[in-house]
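Take a look at the structure set out below.
The values are calculated or read from the model by the stated rules, or taken from the named source; none is laboratory data. In this text the structure is predicted, and so the values were computed from the model without any measurement. Cβ placement follows ideal geometry from the backbone for every residue including glycine, while neighbour counts extend to all protein chains displayed.
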Amino acid sequence: MYSYQVVEFGKPLERRDYPTPKPAGTEVVVRLAGCGVCHSDLHLADGFFDLGGGKRITLADRGTKLPFTPGHEMVGEVEALGPEASGVRPGDRRIVFPWIGCGTCESCAAGEETLCPNPRFLGARRDGGYATHIVVPHAKYLVAYGDVPEDLAATYACSGITAFSALKKIPKTTARECLVMIGAGGVGTAGILLVSAVHEAKLIVADVDAKKRETAMKSNRVAAAVDPAKPEAVKQVLELTGGIGAAGAIDFVGAPASAQFGLDAIRRGGTLVSVGLYGGAVPVSLPLLPMRSVNWRGSYVGTLAEMHEMMGHILGGKVPRMPIEPRPLAAANGAMSDLRAGRVNGRVVLKPALDPK
Ligand SMILES: [Zn+2]
Ligand SMILES: [Zn+2]
């Protein structure tokens, strides 16, 4: 097998060859057909998250050892099962659910593996999918995807589940209400496509990129697209919501300006869900939290139960499809710089089968 790995933080990934892994116990080895390129892979390669105010959390502090293989939007074919593994057969095609906890703590026992203090997230804490093979600890993390195209299926493991879980964290809405989605990149686009599975509200999409706003407006669920960098953007949201503000907002960016815009755009009692990991910090006006009774919470990817619930909607055929751009796995570095520069529409999926032989 081979992987494209972070060998030094801040430097391009390098190819490394390894013996193909053999599954032990309940493990399953999957031969990967594709792996989506996600913004958080960029943070992994950089080696830090920006906490704002000059503070950083580094991956070295978090215990990430190099070389490390990024990639958590994986799809592929079961190649080998450990002696205690069951539930799949060689040749089965599955999405790899990467948000795997320790399996023994309270959070894991409650099915909230994303809250686990000792997670085994594939492509974040353990080696991930910029590779030809992945070892999955248990077959229950392999999710069927019916007749969904495999490259698209890969993206449900992060951009899909992240958007779906964030949408579920906003209380049910009616068709008369509005939700604001900030950032129409990969995860934001998944949010636009999945909104009908969870909410009746109309969408107001906020993105600084005119092209992304234009693409978002093609969805019949999007009532308006605004540029949050413009001073009149909050006023536009108020006008579109009868002067009261949106029922909820999801910040898919996670920068100071996007979080502030989200807080300003929601109504009294509204919910702001922070999802993006761009970085930075915001000063919060404390009296306004109680006076406006707003609910501001974070959401990190999603649970296995939510993954199955989301796939139920997708297999029901009611979720429109995100544009996918397949590229060779060997082109991982170029794909990452394109994503960093905002040159990707939808999702790039890296495929070992497209690599030069
Ligand atoms: Zn991701
Ligand atoms: Zn745990």
Hits in region 220-232 - residues which are buried (at least 17 other Cβ atoms within 10 Å of the Cβ) and either closer than 16 Å to residue 256 by Cβ or free of Cβ contacts under 8 Å to residues at least 12 places away in the same chain (or both)
228
For residue 114, are the conditions met, namely being touching a residue at least 24 places away in the same chain (Cβ under 8 Å), surrounded by 16 or more Cβ atoms within 10 Å (Cβ to Cβ), away from ligand 2 (no atom under 16 Å from the Cβ) and not aromatic (Phe, Trp, Tyr)?
no
If we keep just the residues of region 271-300 that are assigned to a helix (DSSP H, G or I) and hydrophobic (A, V, I, L, M, F, W, C), which is nearest to the chain's Cα centre (by Cα)?
289
For region 301-308, does any single residue satisfy the condition of being part of a loop (DSSP other than H, G, I, E, B), among the small types (Gly, Ala, Ser) and within 30 Å of residue 1 (Cα to Cα)?
yes
Residue count, region 37-60 (criterion: under 28 Å from residue 160 (Cβ atoms) and either without any contact (Cβ under 8 Å) to a residue 60 or more places away in the chain or within 16 Å of ligand 2 (Cβ to nearest atom) (or both)):
5
With region 3-122 as the region, which strands (runs of 3 or more DSSP E) entirely inside it contain at least 2 residues that are at pLDDT 95 or above, closer than 30 Å to residue 323 by Cα and within 16 Å of ligand 1 (Cβ to nearest atom)?
28-36, 73-81, 93-96
Quick check on residue 263: is it in contact with a strand residue (DSSP E or B) (Cβ under 9 Å, 6 or more places away or on another chain), modelled with pLDDT under 95 and assigned by TED's automatic domain parsing to the domain that holds residue 236?
no
Which pairs have Cβ atoms under 6 Å, sit 6 or more apart or on different chains, and link a residue in region 1-25 that is under 22 Å from residue 78 (Cα atoms) to one that is among the acidic types (Asp, Glu) and surrounded by fewer than 16 Cβ atoms within 10 Å (Cβ to Cβ)?
2/17; 25/84
Residue 130 - would you say it is surrounded by fewer than 24 Cβ atoms within 10 Å (Cβ to Cβ) and either within 16 Å of ligand 1 (Cβ to nearest atom) or touching a residue at least 40 places away in the same chain (Cβ under 8 Å) (or both)?
no
Only one of 279, 316, 312 is farther than 29 Å from residue 234 by Cβ, at pLDDT below 95 and not polar (S, T, N, Q). Can you tell me which?
316
Considering residues of region 266-293 that are crowded, with 21+ Cβ neighbours inside 10 Å and touching a Leu at 6+ places or on another chain (Cβ under 8 Å) only, the residue nearest to residue 41 (Cα to Cα)
272
In region 305-336, which residues are of a type in the set (A, V, I, L, M) and in contact with a Gly (Cβ under 7 Å, 6 or more places away or on another chain)?
305, 310, 315, 322, 324
Output for region 117-131, where each listed residue is within 8 Å of ligand 2 (Cβ to nearest atom) and over 17 Å from residue 165 (Cβ atoms):
117, 118
Candidates 202, 140, 212, filtered to the one that is of a type in the set (Lys, Arg), closer than 30 Å to residue 101 by Cα and either crowded, with 19+ Cβ neighbours inside 10 Å or not assigned by TED's automatic domain parsing to the domain that holds residue 267 (or both)
140
So, of the residues in region 217-227 that are touching a helix residue (DSSP H, G or I) at 6+ places or on another chain (Cβ under 7 Å) and modelled with pLDDT of 95 or more, which turns out to be farthest from residue 195 (Cα to Cα)?
227
Would it be correct to say that residue 162 is within 18 Å of residue 298 (Cα to Cα) and modelled with pLDDT of 95 or more?
yes
Any chance residue 247 is under 23 Å from the mean Cα position of the chain (by Cα), crowded, with 16+ Cβ neighbours inside 10 Å and over 30 Å from residue 124 (Cβ atoms):
yes
Of everything in region 188-247, what is hydroxyl-bearing (Ser, Thr, Tyr) and under 30 Å from residue 308 (Cα atoms)? Give them in sequence order.
189, 196, 215, 219
